Amino acid sequence: MGGVAQAYSDAQSINFLNPASYSNLQLVTFDVGLNGGVRRLAGTDISSRAGFGTLSYLQLGMPLGKKWGLNIGLRPMTKVGYNIAESEEKIYFDTLKVPVVHQYEGSGGTYQAYVGTGIGFGGFSIGANIGYLFGNVQHSTKELYPTTSSILPSKHSRRISYSSFFYSVGLQQSISLGKDLELSLGVSGSLEQKLNARRERMRETLYYDPSSAEYDTQDTVLYERGTNGDIVYPQTIGAGIMLTKTDKFSFGADFTTSKYSNFRSFGDPDSTQDSWRVSVGGQFVPNASSFTGYWNKVAYRLGGFFGKDYVKVGSKDMNIMGFSIGAGFPVRRIMPAMNQFTMINAAFEVGQRGDINLVKETYYRLTLGFTLSDRWFIKSKYD
């Protein structure tokens with residue numbers, strides 16, 4: 001639905017973006033999501049294309065009482081993967097021209113393991129997620145010279161390992177507008193947080209191995225291990241509104257902003273700026289109570305978004321925009337009396353950010369989610 005989530009809640013769907021929604025869980029729900037696609041980067045005279053695929057989320061939600069729910073989950077926060085080469089000629093001793101290739105590589109990612117709870121009082125709900133952020137990201141730069149050159153190639157690498165606790169909080173308010181019609185308001189986010197991290201640095205000279213056609217380490221010039229520091233993670237706040245008619249439709253809009261101008265890594269700023277995003281979307285079910293016609297029970301979804309990315313290239317803003325279409329496919333129960341409910345969610349998203357005069361990213365992403373719900377802790381009754 002274009003990323004609309006701040007005011008959304010459901011009896012058998014887990015919305016980890018706003019933990020206040022956990023208060024509406026009525027079924028024990030196992031939820032897993034996967035995504036994959038193609039990403040294309042283009043500039044004024046170069047372009048590249050690469051595929052990607054990863055786990056979107058893995059979570060288990062359950063009701064603990066009336067208007068009280070719990071969620072345990074794992075999801076990736078960031079993923080880094082690039083390999084870019086740039087060629088130029090350097091001049092040594094005023095007249096000697098030597099071709100050099102700058103090779104930039106990055107890999108790794110970070111993950112969040114968290115537990116959250118939400119509790120409701122009438123139409124008002126409050127919730128919080130508390131968890132642990134972990135993982136590592138490595139960046140390296142190589143300067144490669146011709147094998148006939150007397151200049152040794154070199155490599156400078158930097159690895160940052162993350163291990164820190166984090167939190168987020170959320171609020172939701174539902175207002176009845178009549179029979180089966182409800183207006184919901186939601187807000188969630190976190191204040192600026194300092195995350196613990198450790199940085200390692202290494203500088204090496206390289207040599208070319210003809211047998212493997214690879215560059216290997218000849219000597220380690222510098223190795224700096226285990227420098228501890230802080231990552232200043234910016235304040236993020238999101239708010240949204242949603243109109244829902246039970247078992248028929250939901251339409252809403254969100255606004256999210258993050259103060260990435262305050263981002264710091266070991267005290268150093270980066271090419272980041274304050275970001276914002278507007279999302280709109282909804283879903284429609286033709287006839288959820290229909291006994292015939294499977295497609296009447298499918299939830300059809302459509303959404304879009306636009307805004308300003310947190311990355312800044314030079315003095316240029318990186319604008320973002322995209323849209324998504326999807327559907328939720330209910331899986332028939334083997335026996336009508338069973339308490340199990342299964343939903344397969346599929347979505348296709350197209351998005352872009354940047355400027356073709358600098359660099360522009362376009363991606364095509366397919367997401368699949370599997371939601372398995374069941375009623376637990378049912379007391380047996382005997383006549």
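For the listed peptides 282-294, 23-35, a ranking on the average number of other beta carbons within 10 Å per residue, highest first, reads 23-35, 282-294.
Per Stokes-Einstein, at 37 °C and 0.692 mPa s, what whole-number D in µm² s⁻¹ belongs to segment 66-206, with the Kirkwood radius over Cα pairs as the hydrodynamic radius? Walk me through the intermediate numbers first.
Numbers: Rh = 19.7 Å.
For the chosen part, D equals 166 µm²/s.
Residues of segment 288-306 with an amide N closer than 12 Å to a point placed 7 Å from the Cα of ILE241 along the Cα-to-Cβ direction: none.
Going by accessible surface with a 1.4 Å probe and the largest first, HIS139, HIS102 read HIS139, HIS102. Which ³J(HN,Hα) values in Hz, rounded to whole numbers, follow from the phi angles of segment 206-220 under the Karplus curve 6.51 cos²θ - 1.76 cosθ + 1.60, where θ = phi - 60° and Gly and Pro get x? Result, ordered by residue: 10, 9, 8, 9, x, 5, 10, 6, 10, 9, 10, 6, 9, 7, 9 Hz. With θ taken as phi - 60° and the Karplus curve 6.51 cos²θ - 1.76 cosθ + 1.60 applied, the whole-hertz 3J(HN,Hα) list for segment 343-352 is 9, 9, 10, 10, 8, 10, 10, 10, x, 8 Hz, x standing for glycine and proline.
Do the alpha carbons of any pairs in LYS194/LYS316; LYS155/LYS308; LYS155/LYS194; LYS90/LYS312; LYS67/LYS312 sit beyond 32 Å of each other, and which pairs?
In this structure, LYS155/LYS308; LYS67/LYS312 exceed 32 Å between Cα atoms.
Averaged over residues, the count of other Cβ atoms within 10 Å places the peptides 241-254, 147-160, 344-357 in the sequence 241-254, 344-357, 147-160, highest first. The local environment of SER157, defined by Cβ-Cβ distances under 12 Å, has a net charge of +3 under the rule Lys, Arg +1 and Asp, Glu -1.
Net charge around GLY61, counting only other residues with Cβ within less than 11 Å of its Cβ (Lys, Arg = +1; Asp, Glu = -1)? Once all neighbours under 11 Å are counted, the net charge is -2.
The listed residues VAL98, VAL115, VAL311, VAL221, once ranked by accessible area (1.4 Å probe) with the largest placed first, stand as VAL221, VAL115, VAL311, VAL98.
Applying both filters, DSSP loop and at most 16 other Cβ atoms within 10 Å, to the GluC sites (Glu not before Pro) of segment 112-221 gives GLU192.
The figure for PHE165 is an accessible area of roughly 150 square angstrom, using a 1.4 Å probe on the protein chains alone.
Centre-to-centre separation between the Cα atoms of segment 179-230 and those of segment 27-101: 12 Å.
When percent of Cα pairs over 38 Å apart is calculated directly from the model, which label among (i) 31; (ii) 13; (iii) 19 fits? Read-out from the structure maps to (i). Amide H contacts of ASP309 (H built 1.01 Å from N, in plane; Pro and chain starts excluded): MET318, ASN319, ILE320 sit under 5 Å, all sequence-distant by 5 or more or on other chains.
What does the net charge come to around MET343 if you take all other residues with beta carbon closer than 11 Å to its beta carbon, with K and R at +1 and D and E at -1? Working shown, then result.
Numbers: positive: LYS297; negative: ASP10, ASP31.
Every neighbour counted, the sum reads -1.
The values are calculated or read from the model by the stated rules, or taken from the named source; none is laboratory data. What you see is a predicted model, and the numbers here were worked out from it, not measured in a lab. Glycine gets a Cβ as well: all are built from the backbone with ideal geometry, and neighbour counts include every protein chain shown. In case anyone asks, the SASA skips ligands and DNA or RNA and just uses the protein heavy atoms, side chains included. Shrake-Rupley method; radii C 1.70, N 1.55, O 1.52, S 1.80 Å.
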